[in-house]
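Accompanying notes for the structure given below.
The values are calculated or read from the model by the stated rules, or taken from the named source; none is laboratory data. This one's a predicted model, so the numbers in the text were calculated from it and none came from an experiment. Reconstructed Cβ throughout: ideal geometry from the backbone, glycine too, with neighbour counts over all protein chains shown. Note: accessible area is taken over every heavy atom of the protein model, side chains too, but ligands, DNA and RNA are not part of it. Shrake-Rupley method; radii C 1.70, N 1.55, O 1.52, S 1.80 Å.
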Amino acid sequence: MNEELIPLQNSEDEDNGEKMEEVLSDAGCSPESWAILPVLCLTHVFKFLDEGDRRSADLVCQRWHNIMRSPSLWRSHTFHLNVRSSKYRHSEFHSSVAYVQSRGVYLERLAVLVNPPSTYSTAWRMLRTIKTVFDELTRVRASLKSISLTNLELDRSCWTSGLRNSFVIFLVSFLRAQGSKLDSVCLNGMKIGMIQGLEMLTTLAQSQKRTNHRYYISTLHLKGFFSGEVPVYRNSNMPRTLGFMKGLTHLSLSYSCLSDELLKALQHRDQGWRDFIHLKTLSLWCSLNVPHGQVICGHSWESLASCCPGLKVKIEVDQILNTDRLARILLPEIPLVDFSMTTFYSPNEEWSHRPLFYVMLPQFRLTLKFLTLHLSNCSELLDDELLKLVRRCDRLEQLRVWAFLDVRTVQRLLRIRLAQRSLLNTIRVSVYSVEEDHEEQKEQLEILLSTYRDLPPELDFFATVYPYV
């Protein structure tokens, strides 16, 4: 492409060139040393700068200014839309549209992160901004490969049926026009109804029929895509729709979408221009407020694992305080590699973590590599249970824990790593304290760890104590 970019300058950046030179000088880098760097090296460095720093670098010298006009620097961009504040609503709209008009032709990976609206007017402005940006992308014929549109929360009351329908119509039209070249799509947190959500996914799946094998969608993120109250697993169209996406290798979705039929649909992969396309990672998010009472057969998981060699399953559980339901979710046939759990509950609730530590998680001792636990176990001691679990999980690589623990447990974890678990190279422990003065516990932890100064260089270890609020 021979099109040139609009220079990255505005009225607020008159002194940015001098500021950048001061930064280089403070870092011990003279302008002469940067002047001899090849264009390829400078371009690579500039890719790590945010928008403000790029504007500053653009004003340093004519050479840097020319490099900043390189299309390779503008393949990816993230829009942060927060239209609640009327002070910035006009500038946010115009700056977003202006960016796409000047550099949209170079975009390949676009992310739109929104702050969910709370009133009708903010929802309307958000719809207008997103629609205009996407219309401009179509007009300039952007060659998008990846698109992310997250946290819209269309089930909010401020999204009237008229606004919601307008949004669905324009997004379906955009996906129909651009979906055939997309490789990655993220629609997390859209919280849309069943019918309109399936319409979007069907459009996306149908676009795959028109494409050649080079442009199959390989990554699809649908965490919180449907409204929280929708039991998607009861709808037979969901498995059929995802079954059309023959190039899918990475899928994340809410547990409310999971069914035996869906697992069966994910098993059948056509042979394409590659030898064999099969699912590689499946991430499931399960929350208390999302339907999760369905029964999944262990045989369905076993069949999926056999059809998808090397399949890695990640499960994230939030506030599921029911042992029976957890047991139905954590079936032993799952090739579970990554497990994350968050539980905040009152001491009066009849709930215990012990079945999780003693029965459920040990089922995955040969596959589990990443374990993250946020626990409010103020009335239940879990130190021994945690240590036993770590000893039993032979392939554990990363452990992150936020919980009420004895500070000596941190030392014992470190001993297990140094004596038995060479694969466990990330240990991050935050010990909750209900005591008003937790400094004593902090000092005790520092004394216990003072003898472990020469840790293996590959070990990422961190431990601290802070008050639980």
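Structure above, values below:
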quantity	calculated
Subset of segment 279-318 that is touching a strand residue (DSSP E or B) at 6+ places or on another chain (Cβ under 7 Å) and among the hydroxyl-bearing types (Ser, Thr, Tyr) - its residue that is surrounded by the most Cβ atoms within 10 Å (Cβ to Cβ)	287
Residue count, segment 344-396 (criterion: polar (S, T, N, Q) and in contact with a Leu (Cβ under 6 Å, 6 or more places away or on another chain))	1
Matching helices (runs of 4 or more DSSP H) fully within segment 13-123 where at least 3 residues are at pLDDT below 80	16-26, 31-35, 51-58, 89-103
Given (1) closer than 17 Å to residue 248 by Cβ; (2) modelled with pLDDT of 90 or more, number of the condition residue 327 does not satisfy	(1)
Segment 223-257, subset under 20 Å from residue 325 (Cα atoms), hydrophobic (A, V, I, L, M, F, W, C) and within 20 Å of the chain's Cα centre (by Cα), residue surrounded by the most Cβ atoms within 10 Å (Cβ to Cβ)	257
Residue under evaluation residue 164, criteria (1) over 23 Å from residue 289 (Cβ atoms); (2) more than 23 Å from the chain's Cα centre (by Cα), criterion not met	(1)
Within segment 357-450, strands (runs of 3 or more DSSP E) holding 1 or more residues that are of a type in the set (Ser, Thr, Tyr) and touching a residue at least 12 places away in the same chain (Cβ under 8 Å)	370-375, 426-433
Filtered residues of segment 362-385 (kept if in contact with a strand residue (DSSP E or B) (Cβ under 7 Å, 6 or more places away or on another chain) and hydrophobic (A, V, I, L, M, F, W, C))	364, 368, 370, 371, 373, 375, 382
Residue count, segment 422-438 (criterion: more than 17 Å from residue 372 (Cα to Cα), touching a helix residue (DSSP H, G or I) at 6+ places or on another chain (Cβ under 8 Å) and either open to solvent by 10 Å² or more (accessible area, probe 1.4 Å) or at pLDDT 95 or above (or both))	1
One residue from 161, 173, 118, 157 being among the small types (Gly, Ala, Ser), in contact with a Cys (Cβ under 7 Å, 6 or more places away or on another chain), open to solvent by 60 Å² or more (accessible area, probe 1.4 Å) and over 20 Å from residue 47 (Cα atoms)	118
Lone qualifier among 352, 340 - being closer than 15 Å to residue 400 by Cβ, small (Gly, Ala, Ser) and either at pLDDT 95 or above or not in a helix (DSSP H, G or I) (or both)	340
Filter pass, residue 445 being open to solvent by less than 40 Å² (accessible area, probe 1.4 Å), more than 25 Å from residue 320 (Cα to Cα), modelled with pLDDT of 90 or more and touching a strand residue (DSSP E or B) at 6+ places or on another chain (Cβ under 9 Å)	yes
Output for segment 204-222, where each listed residue is modelled with pLDDT under 70, in contact with a helix residue (DSSP H, G or I) (Cβ under 7 Å, 6 or more places away or on another chain) and either open to solvent by 60 Å² or more (accessible area, probe 1.4 Å) or not β-branched (Val, Ile, Thr) (or both)	210, 215
When residues of segment 140-154 are limited to those that are surrounded by fewer than 16 Cβ atoms within 10 Å (Cβ to Cβ) and polar (S, T, N, Q), the one farthest from the chain's Cα centre (by Cα)	143
